Amino acid sequence: MRMVDRCIEFGAAAVSRAFQEWITKKLSKTKFKGADVTASIMEQFEQKVKCKFLSPNELFEFRLAETGNDSNHGIKDGVLKLSGVKIEDMYLPTVSAIIARLSAVVSLGEAKAIVLAGGFGESPYLQRRLRETFEPRGVAIVVTDIPALTAVSDGAMRFYLTHTIRPKPTRFDLGVSSAVDWSKNWQKGMDRPVFVSVSGKRSILGRWTAIVPKGTLLDPAVPISKVYNVKYALEAKDASFRVDLWAHDPSSEPSAEGWMTDMAGVPYPNFAPVCTVEADLASLVASLPLIVYVGTESLEACVRWMENGVEKRGPSSRIPSEFF
C-alpha cells in the first residue's frame, strides 16, 4: 500500500526506513555497531516482524551477528529484545498518515468499503487500526486474497492513465535568441547588435532559433536538443552559463525574416520569456547542447556536456504549462 502526501511516501518502505534509522542509531552506542549487524537485523525485521506485527503487547527477539551482552541496550547472549511498543513507534507515523488521508476521503462521500492491496495492505497492525477506525462508521475493510506484489490499485491506475492520456502537440515554438555569423547574415543598412569574440570573429545577435517547433509531440524517453555554441577560456573568471528560453507562436505576427529582436536588440512582442537555463561550467571549454525534455511533473530544460567521459547536466528549469 502506498499513499503520497506532499511527496512523502507512506507504506512498507517508510516503516522499514524508520526502523533502519532507529536501529542504526541504537547500535552505534554499542560494541555491536557495523553494517553486517545492521543488515542482519534488517533482514529479520523484514521477514519475521513487519509482516506479523499486530499490537504493542508483543515481544520480538533479534539475533545479532555476534555474541555478547550489553544490558544497557537490552542485548543478552547476542540477542536483542524489543517490545511491541518500540516496534509500534515505527508504524505510527505511516499508519496515522494513512488514517488521516482516508478519513478525509471517506468524509466526502458514501464510501462503503476500503480495499487494501499491495504488500503493506497485508500488515495485521494496519488492518487492525483501520478496522478500529472505520468499521464503527459503517465502512468495511476488504483485504484481497491476491499475492502481495500484485498491487491492483496501482496497476489499475497505471492502466487507466496509459490508455487515456496521449501526448499533445506543443502550442508554441520553444527556442533561444542566438548569434549568427556576421559575414553570412549582414545586409546593407542593417544596424543590429554585433558581438566580437576574443578571436576577432563577428556575430550578429538576435536571431531566432527554435529548439522545439510548434506541434511537436513530446516523448518522455526522447529529449530534444540543440547545440548552443558557447566557448569559455580556461582562465575565465566567471564560467557560469546562462541562457533564456523563449516561446513564439509562428502563426502570430511573424518575426522579421527570422529575427527575434528588433534593431535595438529588444524582443518582438510575439516572443514571451519562458525560463532561464543555467549551469556552472568551471573551466570547461565546450559547445553545449540545450535540451528540452519531459520531466517528472512538467516540461523542463537544461544544458548538458561531457566531462572526463561522463555526461553532466546543469540544474533543470521548469517550463510553465501555458507554454506547451
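The values are calculated or read from the model by the stated rules, or taken from the named source; none is laboratory data. Worth saying up front: this structure is predicted, and the values here are computed from it rather than measured. Cβ placement follows ideal geometry from the backbone for every residue including glycine, while neighbour counts extend to all protein chains displayed. Remember, those area values only see protein heavy atoms, side chains included, never the ligands or the DNA or RNA. Shrake-Rupley method; radii C 1.70, N 1.55, O 1.52, S 1.80 Å.
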Looking only at region 153-181, count how many residues are hydrophobic (A, V, I, L, M, F, W, C), open to solvent by 40 Å² or more (accessible area, probe 1.4 Å) and modelled with pLDDT under 80. 6
Among the residues of region 127-135, is any assigned to a helix (DSSP H, G or I) and under 30 Å from residue 32 (Cα atoms)? no
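Yes or no, residue by residue, for (1) part of a strand (DSSP E or B); (2) modelled with pLDDT under 75; (3) touching a Pro at 6+ places or on another chain (Cβ under 9 Å); (4) open to solvent by less than 10 Å² (accessible area, probe 1.4 Å):
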{"position": "257", "(1), (2), (3), (4)": "no, yes, no, no"}
{"position": "264", "(1), (2), (3), (4)": "no, no, yes, no"}
{"position": "274", "(1), (2), (3), (4)": "yes, no, yes, no"}
{"position": "278", "(1), (2), (3), (4)": "yes, no, yes, no"}
{"position": "283", "(1), (2), (3), (4)": "no, yes, no, no"}
{"position": "291", "(1), (2), (3), (4)": "yes, yes, yes, yes"}
{"position": "297", "(1), (2), (3), (4)": "no, yes, no, no"}
{"position": "301", "(1), (2), (3), (4)": "yes, no, no, yes"}
{"position": "304", "(1), (2), (3), (4)": "yes, no, yes, no"}
Cβ pairs under 8 Å, 6+ apart or interchain, first in region 37-65 and more than 16 Å from residue 84 (Cα to Cα), second open to solvent by 100 Å² or more (accessible area, probe 1.4 Å) and part of a helix (DSSP H, G or I), ordered by first then second residue, are 65/36
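For region 120-137, which positions are touching a strand residue (DSSP E or B) at 6+ places or on another chain (Cβ under 8 Å) and either at pLDDT below 85 or open to solvent by 60 Å² or more (accessible area, probe 1.4 Å) (or both)? First the steps, then the outcome.
Initial filter on region 120-137 (touching a strand residue (DSSP E or B) at 6+ places or on another chain (Cβ under 8 Å)): 120-122, 126-127, 130-131, 134-135.
Within region 120-137, 120, 121, 122, 131, 135 qualify.
Per-residue answers, yes or no, for (1) of a type outside the set (S, T, N, Q); (2) open to solvent by less than 30 Å² (accessible area, probe 1.4 Å):
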| site | (1), (2) |
| --- | --- |
| 61 | yes, no |
| 90 | yes, yes |
| 103 | no, yes |
| 118 | yes, yes |
When region 69-126 is examined, which residues are found to be in contact with a Gly (Cβ under 8 Å, 6 or more places away or on another chain) and in a strand (DSSP E or B)? 75, 80, 81, 82
Just checking, how many residues over region 192-208 are surrounded by fewer than 18 Cβ atoms within 10 Å (Cβ to Cβ) and modelled with pLDDT of 75 or more? 5
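Would region 80-96 turn up any residue that is out of contact with any Asp or Glu (no Cβ under 6 Å at 6 or more places or on another chain) and at pLDDT below 85? Walk me through it before giving the result.
Looking only at region 80-96, we keep the residues that are out of contact with any Asp or Glu (no Cβ under 6 Å at 6 or more places or on another chain), and these are 80, 82-83, 85-96.
The next check asks that each one be at pLDDT below 85; those that pass are none.
No, that holds for no residue.
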